[in-house]
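Below is one structure, written out as structure tokens; the observations come after it.
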Amino acid sequence: MKRAIVHMDLDTFFVSCERLHNAKLIGMPVIIGGGDRGVVASCSYEARYFGVRSAMPIKMATRLCPQAKIIRGDYENYSRLSKDVTEIIQEKVPVLEKASIDEFYIDLSGMDQFFGCFRWTKEIAESVTKNTGLPISFALSTNKTVSKIGTGESKPTGRLEISENLVQPFLNPLSIRKIPMVGNSTFQMLSRIGIRKIQTLSEMPLNVLQQMMGKNGTELWQKANGIDEAPVIPYSERKSISTETTFTNDTTDIAALKRIITAMAEKLGYQLRKEKWLTSTVVLKIRYSNFDTETKQAKITYTSIDHTISRVALELFDKLYTRRMRLRLVGLRLTGLVHGTYQMNLFEDTEELMNLYQSMDHIKNRFGSNAVGRAAGMMLHNEQKS
């Protein structure tokens with residue numbers, strides 16, 4: 001059975017959400033982001049015309065487009081609208097994967113003839129816009145990679161069908177940057193040996209790419225040749241993530257307890273970013289030596305950044321630990337989760353801080369979650385091993 005995989009993407013989602021509430025922004029260059037030292041979370045096509053792009057420092061963006069309207073952003077509103085879109089799509093399709101707050105995959109394999117699947121998808125997109133006012137683009141093809149690239153090429157509000165016999169002709173003239181797994185370092189490395197177009201990459205001997213890049217070389221070669229067997233993973237909303245530590249010996253060591261809480265925040269923050277979640281509620285739990293258990297929680301702006309979670313958790317600890325009695329357990333739980341990629345956390349973060357987190361996550365992804373971290377986290381890891 002031939003696969004029919006759809007990729008849907010809400011066009012300039014944050015900007016579109018703001019325009020729903022302020023029609024004066026329509027047609028204007030708009031930048032969503034926070035602070036003079038922050039970075040761009042999203043921008044309108046009008047701003048992109050001047051060279052503005054996501055993750056660019058706000059200062060640079062305003063130099064390129066001084067007439068742009070800067071908006072700090074309202075993630076709770078974006079999350080609510082994303083949920084509305086998800087429900088509309090979910091009612092109409094057999095298998096839906098929510099890849100991020102504004103991005104979806106749908107598996108329509110076996111549901112109809114190929115043209116019928118395209119018409120079906122077009123009706124879903126029209127229903128999203130009719131019921132929410134949000135523009136959405138999509139592409140239908142044989143797998144997730146080709147569909148995702150197709151959506152990018154069809155924007156804004158594009159409708160694209162790439163049948164099996166047209167996959168390679170569609171991919172060949174495009175830059176290798178269009179392949180989802182190709183970042184700047186990979187692009188630079190391949191450019192140095194003359195590989196800039198997908199066709200050139202697809203014609204490279206597989207063993208050469210494997211020698212250069214290991215298993216990533218195999219995956220890259222497959223994507224360049226339109227091969228991707230990754231399934232559409234059915235969407236389910238995760239409620240919370242948590243961690244806790246029970247002490248071998250009950251303790252009243254405040255400094256040690258705070259180090260443990262900081263390490264927990266770092267661990268959960270990394271897990272959020274890795275799994276593409278953001279949290280809006282921090283819950284701290286303590287258990288005294290007599291087994292009395294108390295919890296306290298606080299609402300926060302959606303985030304997956306360690307230092308924000310840690311700061312709130314430590315504030316909760318100061319309010320919660322009021323009895324001078326030994327503790328036998330401390331736990332940290334994050335709830336109110338919504339989907340969001342790492343670049344969705346750009347409202348309050350500086351460029352330097354974002355670069356630091358991205359570098360640390362890269363090291364953790366490659367060498368393990370304990371490869372790098374704050375001193376408190378490393379101390380906790382060492383204690384748990386001993």
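On a 0 to 90 degree scale, rounded to 10, what angle separates helix 75-90 from the longest Cα axis of the chain?
So the helix axis and the longest Cα principal axis differ by about 50 degrees.
Quick check: the angle from helix 306-320's long axis to the longest principal axis of the chain, C-alpha only, nearest 10 degrees?
In the chain, helix 306-320 runs at an angle near 30 degrees to the longest axis.
Under a Cβ-Cβ cut-off of 12 Å, what is the net charge of the residues other than E126 that fall near it, where Lys and Arg count +1 and Asp and Glu count -1?
For residues surrounding E126, the net value is +4.
Between Rg and the Kirkwood Rh of the range 39-172, both from Cα atoms, what is the Rg to Rh ratio?
1.02
Only Lys, Arg, Asp and Glu count, each charged at its Cβ (+1, +1, -1, -1), so figure out the dipole size of the chain about its Cα centre, rounded to 20 debye.
Dipole of the chain, to the nearest 20 debye: 700 debye.
Using a 10 Å cut-off on Cβ atoms, rank the peptides 49-58, 287-296 from the highest mean neighbour count down.
49-58, 287-296
What net charge do the residues around K299 carry, taking every other residue with its C-beta under 13 Å from that of K299, with Lys and Arg at +1 and Asp and Glu at -1?
-1
Once you charge only the Cβ atoms, +1 for Lys and Arg and -1 for Asp and Glu, what is the size of the charge dipole of the range 185-282 about its Cα centre, to the nearest 20 debye?
The dipole of the range 185-282 has a size of about 380 debye.
Which angle from 0 to 90°, rounded to the nearest 10, does the C-alpha axis of helix 144-154 make with the longest principal axis of the chain?
Tilt relative to the chain: about 70 degrees.
Expressed as a whole number of Å, what is the distance separating the alpha-carbon centroids of the range 240-296 and the range 82-100?
The range 82-100 and the range 240-296 have Cα centres spaced 33 Å from each other.
Of all DSSP beta bridges in the chain, what percent run antiparallel (nearest 5)?
Around 90 percent antiparallel, to the nearest 5.
At R80 and I26, where each label point lies 7 Å from the Cα along Cα→Cβ, what is the point-to-point distance in nanometres?
2.1
Please state the charge dipole magnitude for the range 172-228, taken about the Cα centre, from unit charges on C-beta atoms (+1 on K and R, -1 on D and E), reported in debye and rounded to the nearest 20.
Using only the charged Cβ atoms, the result is roughly 200 debye.
Could you tell me the relative contact order of the chain? Use alpha-carbon pairs under 8 Å, at least six residues apart, and round to a whole percent.
Dividing the mean separation by the residue count of the chain yields 18 percent.
What does the C-alpha gyration tensor say about the overall shape of the range 172-228? Classify as rounded when a/c is under 1.5, otherwise prolate if a/b is larger than b/c, or oblate.
Verdict is rounded for the range 172-228.
When you take every Cα atom in the chain, what is the radius of gyration, and what is Dmax, the widest Cα pair distance, in Å?
Considering the chain through its Cα atoms, Rg and Dmax are 23.3, 72 Å.
Kindly give Rg over Rh for the range 250-329, based on alpha-carbon atoms, with the Kirkwood expression for the hydrodynamic radius.
When Rh is taken as the Kirkwood radius, the ratio is 1.00.
Bear in mind that the values in this text are calculations on the coordinates, not laboratory data. What you see is a predicted model; the values in this text were computed from it and never measured. Note: ideal-geometry Cβ built from the backbone for every residue, glycine included; neighbour counts use all protein chains shown.
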